[in-house]
1. How many residues are surrounded by 13 or more Cβ atoms within 10 Å (Cβ to Cβ), polar (S, T, N, Q) and in contact (Cβ under 8 Å) with a residue 40 or more places away in the chain when one looks only at region 15-36?
2. Filter region 5-18 down to residues that are over 16 Å from the mean Cα position of the chain (by Cα) and either in a helix (DSSP H, G or I) or at pLDDT 80 or above (or both), then give me how many there are.
3. Quick check on region 37-75: of everything there that is among the small types (G, A, S), out of contact with any strand residue (DSSP E or B) (no Cβ under 9 Å at 6 or more places or on another chain) and farther than 16 Å from V10 by Cβ, which residue is surrounded by the most Cβ atoms within 10 Å (Cβ to Cβ)?
4. If D47 meets every condition in (1) closer than 20 Å to G83 by Cβ; (2) free of Cβ contacts under 8 Å to residues at least 60 places away in the same chain; (3) touching a helix residue (DSSP H, G or I) at 6+ places or on another chain (Cβ under 9 Å) apart from one, which number is that one?
5. Out of the residues in region 19-57 that are assigned to a helix (DSSP H, G or I) and over 15 Å from the mean Cα position of the chain (by Cα), state the one that is nearest to D68 (Cα to Cα).
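The values are calculated or read from the model by the stated rules, or taken from the named source; none is laboratory data. Quantities reported herein were computed from a predicted structural model and do not represent experimental measurements. Here the Cβ positions follow ideal geometry from the backbone for every residue, glycine too, while neighbour counts run over all protein chains shown.
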Amino acid sequence: MGIFKSATPVDFGQQANQRRQGGHHVHTVIWQGPPATSLGSMDALSDVVEAVEQAGWRLERSEPLDRDQAGRPTLLLLFRAAG
């Protein structure tokens, strides 16, 4: 059993909603994907963006961060309050 098998899944939408209700105008997420073995759709990343945007945020920019030792891509996602 790996370290991530026992990790609690992050509820990105709930975290974004709590931050929005707290009166904040900027929300950041660090997202780490699976090792890049092929090109194609990144549904997990799309799901994160959708969940955060449903809480009243809009993705303003994304920045790549260094890959970890397993080669997993890591992104910093910066959201701003919508409307």
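1. 1
2. So the count comes out to 1.
3. First pass over region 37-75, keeping only residues among the small types (G, A, S): 38, 40-41, 44, 46, 51, 55-56, 62, 70-71.
From what's left, out of contact with any strand residue (DSSP E or B) (no Cβ under 9 Å at 6 or more places or on another chain): 38, 40-41, 46, 51, 70-71.
From what is left, the residues that are farther than 16 Å from V10 by Cβ are 38, 40-41, 70-71.
On the way: S38: 5, G40: 6, S41: 7, A70: 8, G71: 11.
Checking each candidate, the answer is G71.
4. Of everything listed in (1) closer than 20 Å to G83 by Cβ; (2) free of Cβ contacts under 8 Å to residues at least 60 places away in the same chain; (3) touching a helix residue (DSSP H, G or I) at 6+ places or on another chain (Cβ under 9 Å), D47 misses just condition (1).
5. Start the filter on region 19-57 by keeping residues that are assigned to a helix (DSSP H, G or I), which leaves 19-21, 43-54.
After this cut, where a residue has to be over 15 Å from the mean Cα position of the chain (by Cα) as well, the list is 20-21.
Working: R20: 30, Q21: 33 Å.
Residue satisfying both the conditions and the ranking: R20.
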